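Scroll down for the structure; my scribbles are underneath it.
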Amino acid sequence: MAPFRTFDRLAGKVAIVTGAASGIGEATARLFAAEGATVVAVDRPGSAIADVHAGVARIVPLAQDVTDDDAPERVLAEALRAGGGLDILFNNAGVSGRRLAEEHDDALWDRQFDVNVRAAFRMCRAAIPHLRARAEATGRARILNTASVMAERTDIGLAGYVASKHAVAGLSKTLALELGKWGITVNWLLPGAIETGMTREAFSDPAIRAVWAKKAALRRLGTPIDMARAALLLASDEADFVTGHGLVADGGLTLRT
């Protein structure tokens, strides 16, 4: 990961980042910590969650499957233990799958909704009282959810994934409306073609990589740190008046219709 300048924009804050063993989640956990936050970095047991953050100041790794029934309670308990409260919840964990609709089995559909939507909703629901308490004390708290440019568009073979990401956007809009009166902002990221663990296999094909890089106005794929910086913008105090917003961070990919 390329070095980045930091300005203590999250000094004293406590954050939860899910899907933090690789890709966008790993980069965001590191950037948030570098900006002064105490970060509970969550990913499933068997992932590299403990190894990738070993020795990193202010990051508390937690091996926890976000779809477990007791996941919200376990994750929040760790945040309260590590930092005494919660300022930022970043639901970033996600899964994908490509299959034509007539071949799209229930198991794949359910898995995408379980991770991408249900787990995020349950984390939000459990976190709201803690975020509200923090907002009452400091004037602000944050929920961020990772959607995708596919929350506004679609592609062949992505029925379940696209539907789940539309749901993430819809959930975020509703929470923004409900929670704004307490100073809690709720926004969602719309990444484009980003090189992560989930996409690495596809983008390892030079032809596929070149096509998607050419589609973007910036003529390159996005990187995890690009998305981490977008998340930092929405998590920072500078975003006090931004809520109910889907931040497109796609290098200009969706400029082409």
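The values are calculated or read from the model by the stated rules, or taken from the named source; none is laboratory data. Keep in mind the model is a prediction, meaning the values are calculated, not measured. Every residue, glycine as well, gets a Cβ built from its backbone with ideal geometry; the counts of neighbours run over all protein chains shown. Calculation scope for accessible area: heavy atoms of the full protein, side chains included, ligands and nucleic acids excluded. Shrake-Rupley method; radii C 1.70, N 1.55, O 1.52, S 1.80 Å.
Listed values, structure above:
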{"item": "Calculated on alpha-carbon atoms, Rg and Dmax of region 58-183 in Å", "result": "15.9, 52"}
{"item": "Computed [θ] at 222 nm, deg cm²/dmol, the chain (DSSP H ≥ 4; -39,500 (n - 2.57); rounded to nearest 500)", "result": "-12500 deg cm²/dmol"}
{"item": "Estimated dipole of the chain in Debye, rounded to 20 [Cβ of Lys and Arg +1, of Asp and Glu -1, Cα centre]", "result": "760"}
{"item": "Hits among lysines - C-alpha to C-alpha of K173 under 17 Å, sequence gap 8 or more where chains match", "result": "K165, K181"}
{"item": "Cα-based helix-to-principal-axis angle, 206-215 vs the chain, degrees rounded to 10", "result": "70"}
{"item": "Solvent-accessible surface (1.4 angstrom probe) belonging to F203, in square angstrom, nearest 10", "result": "20"}
{"item": "Charged-residue dipole, Cβ positions (Lys, Arg, Asp, Glu), region 55-185 about Cα centre, Debye nearest 20", "result": "720"}
{"item": "Stretchable slack from D105 to A137, in nm (0.36 nm times residue separation minus alpha-carbon distance)", "result": "6.8 nm"}
{"item": "Mean Cα-pair separation over length for region 99-196, i.e. relative contact order, pairs under 8 Å, 6 or more apart, %", "result": "36"}
{"item": "Probe 1.4 Å - accessible area at D68, Å² to nearest ten", "result": "60"}
{"item": "Volume per residue that the Cα convex hull of region 153-215 spans, once the total is divided by residue count, Å³", "result": "110"}
{"item": "Apportionment of accessible area to carbon and sulfur, region 215-257, percent (1.4 Å)", "result": "60"}
{"item": "Accessible surface, per residue, of the chain when the full set of protein chains is kept, probe 1.4 Å, Å²", "result": "46"}
{"item": "Anisotropy class of region 1-51 from Cα gyration tensor, a/c 1.5 cut", "result": "oblate"}
{"item": "Extension gain (nm, one decimal) between A50 and D8, 0.36 nm per residue minus Cα-Cα", "result": "12.7 nm"}
{"item": "Distant-in-sequence amide H partners of L89 (H built 1.01 Å from N, under 5 Å)", "result": "I16, R142, I143, L144"}
{"item": "With every protein chain in place, region 55-110: carbon and sulfur % of accessible area (1.4 Å)", "result": "46"}
{"item": "Debye equation applied to the C-alpha atoms of region 83-125, log10 I(q)/I(0) at 0.24 Å⁻¹", "result": "-0.83"}
{"item": "Linear extension gain, E178 paired with A207, 0.36 nm per residue minus alpha-carbon span", "result": "5.9 nm"}
{"item": "Top positive-direction residue, dipole computed over the chain with Cβ charges, set P191, A147, G170", "result": "P191"}
{"item": "Ordering of 171-181, 25-35 by packing [mean C-beta count within 10 Å, highest first]", "result": "25-35, 171-181"}
{"item": "Cβ-Cβ FRET estimate between A77 and L218, R0 fixed at 51 Å, reported to 0.05", "result": "0.80"}
{"item": "Spherically averaged projected area of region 172-257 from its Cα convex hull (nm²)", "result": "6.6"}
{"item": "Rg ratio (alpha-carbon, reference 2.2 N^0.38 Å) - region 1-131", "result": "1.09"}
{"item": "Dipole-positive endmost among L247, A231, I208 within region 197-257 (Cβ charges, Cα centre)", "result": "I208"}
